[in-house]
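See structure below.
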Amino acid sequence: MKELKLMKGNEAIAEAAIRAGADGYFGYPITPQSEVLEYLMAEKPHERTGMIVLQAESEIAAINMVYGGAACGRKVFTSSSSPGISLKQEGLSYIAGAELPCLVVNVVRGGPGLGTIQPAQSDYFQATKGGGHGDYRLIVLAPASVQEMADFVELGFDLAFKYRNPAMILTDGALGQMMEKVWLREHKPRMTEFPAWATTGKTPDRERNIITSLDLDSARQEEFNLKLQAKYNKMGEEEVRYEMTDCDDAEFLLVAYGTSARICQKAVQLARKKGIRAGLLRPITLFPFPKKPLKEMASRLKGILSVEMSTGQMVEDVLLAVNGQVRVEHYGRMGGIIPSPDEIADVLEHKFTGGKNYE
Amino acid sequence: MTEEIIIAGFGGQGVLSMGKILAYSGIMQDQEVSWMPSYGPEMRGGTANVTVILSDGPISSPIINKFDTAIILNQQSLDKFESFVKPGGVLIYDGNGITRHPERTDISVYRVDAAEEASKMESAKIFNMIVLGGYLKVKPVVKLDNVVRGLEKSLPSRHHALIPLNEKAIKRGMEIIRQMNSI
């Protein structure tokens, strides 16, 4: 049964996973995402659907439990925040190398190092460019509301299984901690049949399944690398998701995802009140990145402002997409500071029409 | 209608739960709502604040720096948020422990001595509901019926026996709030 609730983003992820028919969660607490684990522990999904929830001894253990669960063809996931996600990178590289599906949630906090517990968007490079070693990518989804936090759990699992590749929900402490209305889907039953590659026990009618990321034969390894690239290219053709607001007549474009996109929605309204024809492009998939709509719009724009709670990471993908056709600037706040809508509208005005300098 | 509110005070005063009840009440009358807490290494006795937005339409930014209403429950929060109220907006404060009172003349200032009133009632814990009552008297953004329904939805059923007391506190807040200036 569909249900309307007021929930924190972190809680919505946990509840959505139970309803999406997840088989297991393996996690380790860290602010600002501990509510995912806490909600699941309190909710006892084992009694509701049979889903397993386990607090591992460390983040590294948790991601390797996910590796094991995924190898059995099960719908498994983990969540953490920036320092914990760094610890999971080795596991993610192995999971990508073994072509296994899983979902990882990163509720980003400021860094580097232990940084702060406040929200940030400074893990964009880590999420979209690989993160661990080797030529691999994650499918990266960036929710901008508590509703999308819930919806992207199922979407993440679906894409992960479709491509046999880890998917990540890249969100931040603000979305994790805030409450909004959320419509929860009816329960989807857990899987009872598993993919042919899954290590569910050899039967006499087939060869044994082997899950590994190791292949010492250079020619085969190169072939495997090309196969992965073909998979990522296919994602680029079929899975790009984005949302455009007030772009039809826009002269200046804001590009922002997640929390920043919500703030930019209001900044667009404020800029338009000042007579600046602003619009917003919100990437929903950060990998694959919506290069095409940006490229198509670039020649009719007077400027692009990429807004991100970082020193400027996504702006590099914006620059690549428009390839010099239009001036691109970045504006960001760091250390857990969230910019206000007025601040962004002012920066847009001053960066592109002169005046007060916000560098 | 869009109402952008900040509620700020000490941790343990019920700032976050008051915001949550307000948000739930908004849901009960089909409004869009957002509840954005300041979260941090704060504990009981530290500062806590929450931004609540109630709107008939979709909510863009849940993070804002100008408010229609500020509900202020301690001196630090008054010092920090008085300047964040939009001109023509509303500031509601509890006079308990306040040494420097609100000074703005371009906003409506109301005082609700909820801490003092709560000490006279059955439980001091209903302090935040007295404040909420005061707010709803000034800004009837949600109906009292919907607040009660919001309480039913947000409180675990073992606490439902306390709902009549909460309702009484809300009504008491509506009675004792008074305007401190005229604009």
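The values are calculated or read from the model by the stated rules, or taken from the named source; none is laboratory data. It should be emphasised that the depicted structure is a prediction, and the values quoted were computed from it without experimental measurement. Please note: Cβ atoms are built from the backbone with ideal geometry, for glycine as well, and neighbour counts cover all protein chains shown. Calculation scope for accessible area: heavy atoms of the full protein, side chains included, ligands and nucleic acids excluded. Shrake-Rupley method; radii C 1.70, N 1.55, O 1.52, S 1.80 Å.
May I ask you to derive the FRET efficiency for B:Met180 and B:Ala124 from their Cβ-Cβ distance with R0 = 25 Å, giving the value to the nearest 0.05?
0.55
Taking 7 Å along the Cα-to-C-beta vector as the label spot, tell me the A:Ala196-A:Gln325 distance in nanometres, rounded to one decimal.
Each label point lies 7 Å from its Cα, and together they span 4.2 nm.
May I ask you to compute the full-extension gain from A:Asp135 to A:Ile60, defined as 0.36 nm times their residue separation minus their alpha-carbon distance, rounded to one decimal in nm?
So the chain would gain 24.9 nm between A:Asp135 and A:Ile60.
For the range A:237-316, which whole percent of the accessible surface, found with a 1.4 angstrom probe, sits on carbon and sulfur atoms?
44
Can you list the residues in the range A:1-42 whose accessible area drops by at least 20 Å² when all protein chains are present, compared with the chain alone? Use a 1.4 Å probe, heavy atoms only.
With the partner chains in place, the range A:1-42 has these residues losing at least 20 Å²: A:Leu4, A:Leu6.
Students often forget the sequence filter, so: which aspartates and glutamates lie under 16 Å Cα-Cα from A:Lys88 once same-chain residues fewer than 8 apart are removed?
Qualifying aspartates and glutamates at Cα under 16 Å: A:Glu57, A:Glu59, A:Asp123.
Can you work out the FRET efficiency for the pair B:Thr2 and A:Asp249, with r the C-beta to C-beta distance and R0 = 22 Å, to the nearest 0.05?
The formula returns an efficiency of 0.35 here.
Looking at this model, which pairs from A:Lys274/B:Lys80; A:Lys231/A:Lys351; A:Lys162/A:Lys292; A:Lys266/A:Lys292; A:Lys351/B:Lys80; A:Lys75/A:Lys227 are more than 31 angstrom apart at the alpha-carbon?
With Cα atoms farther than 31 Å apart: A:Lys231/A:Lys351.
Just report the Cα centroid separation between the range A:282-359 and the range A:154-223, whole Å.
After rounding, the separation between the Cα centres reads 33 Å.
Give me P(r) over the protein assembly as shown, computed from all C-alpha to C-alpha distances, binned every 10 Å, as integer percentages.
Going from the shortest bin to the longest, the percentages are 4, 17, 26, 24, 17, 8, 3, 1, 0.
Need the list of aspartates and glutamates near B:Lys66 for cross-linking: C-alpha distance under 18 angstrom, and skip anything on the same chain fewer than eight residues off.
A:Asp342, A:Glu343, A:Asp346, B:Glu3, B:Glu4, B:Asp79, B:Glu82, B:Glu103, B:Asp106
Could you tell me how far the Cα centroid of the range B:44-98 sits from the Cα centroid of the range A:79-118, in Å?
Here the two parts' Cα centres lie 35 Å apart.
Points 7 angstrom from Cα along the Cβ direction at B:Asp56 and B:Lys153: gap in nanometres?
If labels sit at B:Asp56 and B:Lys153, their model points lie 1.9 nm apart.
Let a ≥ b ≥ c be the square roots of the eigenvalues of the Cα gyration tensor of chain B; is it rounded (a/c under 1.5), or, if not, prolate (a/b larger than b/c) or oblate?
rounded
I'd like the interface area for chains A and B: accessible area of each alone minus the complex, both sides summed, 1.4 Å probe, protein heavy atoms only. What is it in Å² to the nearest 100? Write out the running numbers ahead of the final one.
Numbers: alone 15530 and 8970 Å², together 22440 Å².
Result for this pair: about 2100 Å² buried.
Note the full-extension length gain between A:His350 and A:Lys188 as 0.36 nm times their separation in residues minus their Cα-Cα distance, in nm to one decimal.
Value of the extension gain: 53.3 nm.
Using a 1.4 Å probe, what is the accessible area per residue for the range A:85-182, in Å²?
Computed with neighbouring chains in place, this is 24 Å² per residue.
Return an integer: the convex hull volume of the alpha-carbon atoms of the range A:243-353, in Å³ per residue.
Cα-based convex hull of the range A:243-353, divided per residue, equals 88 Å³.
With labels modelled as points extended 7 Å from the Cα through the Cβ direction, what inter-label distance (nm, one decimal) is found for A:Ile210 paired with B:Glu32?
Placing both labels 7 Å along Cα→Cβ, they lie 5.5 nm apart.
Summing -39500 (n - 2.57) over the DSSP H runs of n ≥ 4 in the protein assembly as shown and dividing by its residue number, what mean residue ellipticity at 222 nm do you reach, to the nearest 500 deg cm²/dmol?
-12000 deg cm²/dmol
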